[in-house]
Amino acid sequence: MPTLTRQVSRGETGWEETGGKPGLLGYLRTGMMPHLWCPGCGHGIIMGAFLRAFDRLGWDQDETIIVSGIGCSSRVTGYLDFDTLHTTHGRALAFATGVKLANPKLNVIVLAGDGDLAAIGGNHLIHAARRNINITTICFNNNIYGMTSGQFSPVSPTGSWATTTPYGSIDRPFDLCELVRAAGGTYVARGTAYHVRSLTGLIEKALKHKGFSFVEALSQCPTYFGRRNQLHNAVDMLLWQKEHAVNVRAATRMDPEDLRDKILIGELYRSEAPEYTEEYARIREQVRQKAREGDLVQ
Amino acid sequence: MAQVKKKQGKVPGIFINRRWCKRCGICVELCPKKVFTTDTLGNPVVKRPESCVWCELCELRCPDLALKLEGE
Ligand SMILES: Cc1ncc(C[n+]2csc(CCOP(=O)(O)OP(=O)(O)O)c2C)c(N)n1
Ligand code: SF4
Ligand code: SF4
């Protein structure tokens, strides 16, 4: 088996001058930093939450494969000092499914945007959930296609402005968490960049969960979504998240009327179901056994 | 959200990596204790470290991983 060597970090990081001890540096390809995300882009906050969650688990970087698609969010794999796959638009979960089936012992994690996972990659998402394959997916949901300069996505709120909805979107958005749950995912949670501490906890639980786990992480794109939707900067967008997110437990005690324009955050769903790679191993063993006994029906 | 609690009268060292910081203003605006201010170029500057309650929110919310709190 060829061994993959991780990219060696190169260059000065800027931390040398501060005298501070850098956090999370061991997980970063520091030669690639600073990252290309715009000032205040929420993707960096979610990347940080993911790394802190991973760090808490103490898992081995070399036993972990991180897969992304295409988009600003999907650029995340370029910064992470893991074995990473930066794949084609929408196909992160297809590649990840292949990796996981080839070597089920690896931790396989998908990090990608709402456009990537819910539009072009929507079918991969529902089928990965249906199979309950042990992959953790974190959707960096900024409600827009950031990389290609602001087209609307299947989760852009009705009425929101995008370059492709110059008079406001008339589409009804997906509730991605409901979608994944209905498709068969067994761990579903939502968090926001503002509520980064609880988001980190949700990601940690999703990573530990056996089966298909999905975390919708609300991000902010000040450059394309915010600027055109009366949220003028990253701080305004984070405060919007603060005002509109309600913890799912607190919501049970609230008047449905007050919840109408709110977004539920927290662990939304958890269940158990047969995991795909285990089922695959089982059926393979069954067939081998039959072949050994000579009664394999062709 | 965890309770904002002061760790027994201690304050952390607050370090900002100028090469990574993009001056988004998140630490400055969202610090509950208004520990930061900005210089004329918009760079965050630690102005009132003694007010810090070590909630870590600035470090956790920094999109550029450019801010680090340190101390026991
Ligand atoms: C097959 C294909 N179709 C379209 C594109 C163009 N494209 C690149 S990124 C992107 C959308 C990105 O949106 P999202 O996944 O939400 O990520 P964001 O940039 O918002 O983080 C599109 C449509 C592409 N690269 N490949
Ligand atoms: S365009 Fe939007 S999503 Fe892309 S890096 Fe800038 S703020 Fe982030
Ligand atoms: S930890 Fe950061 S955000 Fe919290 S009080 Fe101190 S400086 Fe402000």
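The values are calculated or read from the model by the stated rules, or taken from the named source; none is laboratory data. What you are looking at is a predicted structure, and each value in this text was computed from that prediction instead of being measured. In this analysis, Cβ positions are derived from the backbone assuming ideal geometry, glycine residues included, and neighbour counts consider all displayed protein chains.
Structural remarks
- Residues of the range A:273-290 that are among the β-branched types (V, I, T) and farther than 17 Å from A:F212 by Cβ: A:I283, A:V287.
- Test: residue in the range A:61-71 that is crowded, with 21+ Cβ neighbours inside 10 Å, assigned to a helix (DSSP H, G or I) and of a type in the set (V, I, T): no
- When residues of the range A:214-240 are limited to those that are in a loop (DSSP other than H, G, I, E, B), under 25 Å from A:V110 (Cβ atoms) and in contact with a helix residue (DSSP H, G or I) (Cβ under 6 Å, 6 or more places away or on another chain), the one farthest from ligand 1 (Cβ to nearest atom): A:Q220
- On the stretch given as the range A:221-236, residues that are away from ligand 3 (no atom under 16 Å from the Cβ), under 10 Å from A:C41 (Cβ atoms) and within 11 Å of another protein chain (Cβ to nearest Cβ) total 1.
- Residue pairs meeting the criteria (Cβ under 7 Å; at least 6 apart or on separate chains; first at positive phi and modelled with pLDDT of 95 or more, in the range A:66-79; second of a type in the set (G, A, S) and buried (at least 24 other Cβ atoms within 10 Å of the Cβ)): A:G71/A:A112; A:G71/A:G113; A:G71/A:G115; A:G71/A:G146
- Taking the criterion of being more than 8 Å from ligand 1 (Cβ to nearest atom), of a type in the set (S, T, Y) and more than 27 Å from A:P274 (Cα to Cα), the residues of the range A:108-166 that qualify are A:S149, A:S156, A:T158, A:S160, A:T163, A:T164, A:T165.
- Going through (1) outside any loop (DSSP other than H, G, I, E, B); (2) among the hydrophobic types (A, V, I, L, M, F, W, C); (3) within 16 Å of ligand 1 (Cβ to nearest atom) one by one, A:A206 falls short only on (3).
- The range A:161-198 - residue that is in contact with a Pro (Cβ under 9 Å, 6 or more places away or on another chain) and away from every other protein chain (no Cβ under 14 Å) and, of those, nearest to A:S68 (Cα to Cα): A:L176
- Going through (1) within 16 Å of ligand 2 (Cβ to nearest atom); (2) β-branched (V, I, T); (3) surrounded by fewer than 18 Cβ atoms within 10 Å (Cβ to Cβ) one by one, A:I170 falls short only on (1).
- Among (1) within 13 Å of chain A (Cβ to nearest Cβ); (2) modelled with pLDDT of 95 or more; (3) over 11 Å from the mean Cα position of the chain (by Cα), the one test that B:D39 misses: (1)
- Selection status of A:G115, modelled with pLDDT of 95 or more and in a helix (DSSP H, G or I): yes
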